[in-house]
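Novice: Below is the structure I would like to discuss, written out as structure tokens.
Any read-out appearing in this document is the output of simple, stated calculations on the displayed coordinates, not a laboratory observation. All figures in this text were calculated on a predicted structure; none of them were measured in a lab. Methodologically, a virtual Cβ is constructed for each residue, glycine included, from the backbone with ideal geometry; neighbour enumeration extends over all protein chains shown.
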Amino acid sequence: MRLVALLALFALAAACTPRATDCNVNVTRELEFAGATVALRAETQGPNCHQAIALYTIRDEAGDLIYAWTTPLQRGFGDVFAAEPDEHLQSFLERWAEPAVLTTASTPAWSELEVGQTTLDQLTYNDIRARELPMLCHYSGTSREACVFWEPAAGAAGHLFDRIAEETPE
């Protein structure tokens, strides 16, 4: 009998324990990239924000995925999102869904890159830069951006280089 009472007490305590809400938040935007309208989605997914992932996707007009990027939310962007979803997370996703849209001509010269800033070799990097291809840069971590170029021959986006995020005053 004591066992039944103890189990009932545990069940009652579990029912009264506040449960963390999920961390499934997203922002979707359309933007012009590479001469077409694409759907950009910045989102978080997870049982809570401490365990969530940050996911960034771009789909073409047919809905086909042309670029995807992901990182653990807390590891990539810090403990600021460890709490439950709130307006701060929503405003971050709204800013994240507004990438800088440029061309590869705006990238630094090969000699100005730091070691590890790109995974490309010098010949490939210089070729992409000289061709002035469409490029967008999005947050990829605390004070970091990943810059992605559009390769028309492949019909896909590729990672060009990483840079320090350019903050704009609000």
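Novice: Which order results if Arg41, Arg131 are arranged by neighbouring Cβ count within 10 Å, fewest first? Before the final figure, lay out the partial values.
Specialist: Values: Arg41 16, Arg131 13.
Ascending Cβ contact count within 10 Å gives the list Arg131, Arg41.
Novice: By count of other Cβ within 10 Å, fewest leading, how are Ile53, Ile66, Ile164 ordered?
Specialist: Listing Ile53, Ile66, Ile164 from fewest to most nearby Cβ atoms yields Ile164, Ile53, Ile66.
Novice: Could I ask something else about it? Once Rh is set to the Kirkwood radius over Cα pairs, what Stokes-Einstein translational diffusion coefficient, in µm²/s, holds for the range 82-150 at a temperature of 37 °C and a viscosity of 0.692 mPa s?
Specialist: Details: Rh = 13.7 Å.
For the chosen part, D equals 239 µm²/s.
Novice: Using amide H atoms built in the peptide plane, which far-off residues or other-chain residues are under 5 Å from Leu160 H to H?
Specialist: The answer is Cys147, Val148, Phe149.
Novice: Report the extension gain between Leu65 and Thr119 in nm, rounded to one decimal, defined as 0.36 nm multiplied by the number of residues separating them, less their alpha carbon distance. List each step's numbers first, then the result.
Specialist: Details: separation 54, 0.36 × 54 = 19.44 nm, distance 2.22 nm.
Stretched fully, the Leu65-Thr119 segment lengthens by 17.2 nm.
Novice: Follow-up question, since we're still on this one. Round to a whole angstrom and tell me the spacing of the C-alpha centers of the range 23-67 and the range 113-142.
Specialist: 21 Å
Novice: Arranged by the count of other C-beta atoms within 10 angstrom, fewest first, what order do Val38, Val115 take? Mind dumping the intermediate values first?
Specialist: Values: Val38 20, Val115 5.
Going from least to most buried by this count: Val115, Val38.
Novice: For the range 99-170, with only Lys/Arg (+1) and Asp/Glu (-1) charged at the beta-carbon, what is the dipole magnitude about the Cα centre, in debye rounded to 20? Provide the component values of the computation, followed by the final result.
Specialist: Details: 4 positive and 11 negative charges, 33 e Å.
In total the dipole reaches around 160 debye.
Novice: What residues of the range 88-109 lie in the reach of a label at Thr21, counting those whose backbone N is under 18 Å from a point 7 Å from the Cα along Cα→Cβ?
Specialist: 88-94, by backbone N distance to the label point.
Novice: Would you please give the FRET efficiency between Glu132 and Thr37, computed as 1/(1 + (r/R0)^6) with r the Cβ-Cβ distance and R0 = 22 Å, to the nearest 0.05? Provide the component values of the computation, followed by the final result.
Specialist: Numbers: r = 21 Å, r/R0 = 0.94.
After rounding, the FRET efficiency stands at 0.60.
Novice: Right, another one. What does the extension gain come out to for Leu55 and Ser111, with contour length at 0.36 nm per residue minus their alpha carbon separation?
Specialist: Additional length available on full extension: 17.0 nm.
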